[in-house]
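What follows is a single structure, written as structure tokens, with notes after it.
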Amino acid sequence: MRKPKVEADESSWRGRLLCLLADGYFDEPRRLTPIRERLQQDYGTMPNAALISNELVELVKMHLLKREQEGGQWVYTVYPGAKERVKAKETEA
């Protein structure tokens with residue numbers, strides 16, 4: 001079964017997470033707080049923890065990220081083959 005491609009669009013938190021995934025950010029295990037800090041660094045706004053947590057869970061359901069417990073916290077890494085399924089949104093000139 002082929003998994004559908006998804007579009008990375010920086011206009012939403014999910015899209016921004018997909019951009020991080022495509023750029024290799026999730027090649028290393030990442031916890032929620034550092035993910036939020038990276039989003040703040042890149043986009044100038046600290047996202048709500050519950051909102052980002054929910055978006056991460058959705059990306060896990062889509063088999064784009066893996067989630068494992070480590071030291072009592074969730075850690076997220078890229079799902080095998082996920083980067084090939086993420087494409088940048090086409091921008092209009």
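Of note:
- Some residue of region 44-51 being polar (S, T, N, Q), touching a Pro at 6+ places or on another chain (Cβ under 8 Å), open to solvent by less than 90 Å² (accessible area, probe 1.4 Å) and outside any strand (DSSP E or B): no
- Subset of region 80-93 that is open to solvent by 70 Å² or more (accessible area, probe 1.4 Å) and in a loop (DSSP other than H, G, I, E, B) - its residue that is modelled with the lowest pLDDT: Ala93
- Residues within region 55-66 that are surrounded by fewer than 16 Cβ atoms within 10 Å (Cβ to Cβ) and not β-branched (Val, Ile, Thr), tallied: 3
- Neighbours by Cβ (under 9 Å, 6+ apart or cross-chain): first from region 33-46, free of Cβ contacts under 8 Å to residues at least 12 places away in the same chain; second open to solvent by 70 Å² or more (accessible area, probe 1.4 Å) and part of a helix (DSSP H, G or I): Met46/Glu37; Met46/Gln40
- Test result for Asp27, surrounded by 12 or more Cβ atoms within 10 Å (Cβ to Cβ) and among the acidic types (Asp, Glu): no
The values are calculated or read from the model by the stated rules, or taken from the named source; none is laboratory data. What you see is a predicted model; the values in this text were computed from it and never measured. Positions of Cβ are generated from backbone atoms using ideal geometry, with glycine treated the same way; all protein chains shown enter the neighbour counts. Side chains included, ligands, DNA and RNA excluded: accessible areas come from the protein's heavy atoms. Shrake-Rupley method; radii C 1.70, N 1.55, O 1.52, S 1.80 Å.
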